[in-house]
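Here the structure is laid out as structure tokens; the discussion comes afterwards.
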Amino acid sequence: MTHSTPGQPSSRGHLKEFTAGARDIIPMMVGAAPFGVIFGTLVASGPLHLWHGQLMSLVVFAGSAQFIALGLIAGHASFAVIWTTTLVVNLRHVLYSATLAPHVAHLPARWRWALGALLTDEVFAVAWEHYRHREPGTVGPHYFFGAGLAMYLNWQLWTVAGLLFGAAFPGLQSLGLDFAMVATFIAIVVPQLVALRYIAAAATAGTLAFFWQAWPYKLGLLGAVFAGVAVGVLLSVSRFGRDTRGNRETPRASSQEPPREAPRKLSQDAVQETAGASR
């Protein structure tokens, strides 16, 4: 029999949330599968040992950073260059964390560390869609954890597949399977474009990322992200200011309305009383 304290969901409720998170991340897992296979294939045909590639997936768990690091290692880049480049690419997770922070700030530190380790682009999209419709501090970690753990295991599985079968299919990376990840990111971004400020931020970041892609160490990507965030913040502040002014003006107008109506009503009564008296 399951026991729970008042106001707290039972273990059965936790399992239900965990299962819902794992279920909702499945479309993203399908998109990440070819990406994981290609990564394993590149490791199998590159300078690293197979266990190096699997260890990278286990510890780093960041597809874009792993691909970039693998290319830099193959090019004999220094450790400082590899570290700096992957750091710049993964700085977007700071924005993800800032967005989700109000919804996980009430959790114990062990949960925050675990969820942070499982945070990826796909997991953020699913978790944010879940949290955005709920008040901060009212949702536990189990939905987020279910989505993150399912994606983590999915990435390990397809990395192993690429490592084992990459040598048998050396041209696998040239078949265009990496477009699956592009399609996944499109599926992540497009549903979020529900307001003009979101569209403007996405258009700014996407356009600048295209024109700045030749910048060293992926700094063009970082600059495009900051530019997109700046545009979104400016438009959000402007909208908030308009809403605040509207809320201040509306009560003033409504409070003035009754006094204008009252004199007219009193004058009409006085006219009727005067007319009755004259008759």
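The values are calculated or read from the model by the stated rules, or taken from the named source; none is laboratory data. This structure is a prediction, so every number in the text was calculated from the model and none was measured. FYI the Cβ positions are ideal-geometry reconstructions off the backbone, even for glycines, and counts take in every protein chain you see.
For the stretch 170-224, filtered to residues that are farther than 21 Å from Ala69 by Cβ, aliphatic (A, V, I, L, M) and not in a helix (DSSP H, G or I), the residue that is modelled with the highest pLDDT is Ala195. Checked against (1) surrounded by 14 or more Cβ atoms within 10 Å (Cβ to Cβ); (2) assigned to a helix (DSSP H, G or I), Gly46 meets all criteria but (2). Of all residues in the stretch 199-220, none that is farther than 16 Å from Val89 by Cβ has its Cβ atom under 8 Å from the Cβ atom of a residue that is at pLDDT 85 or above and not in a helix (DSSP H, G or I), 6 or more apart or on another chain.
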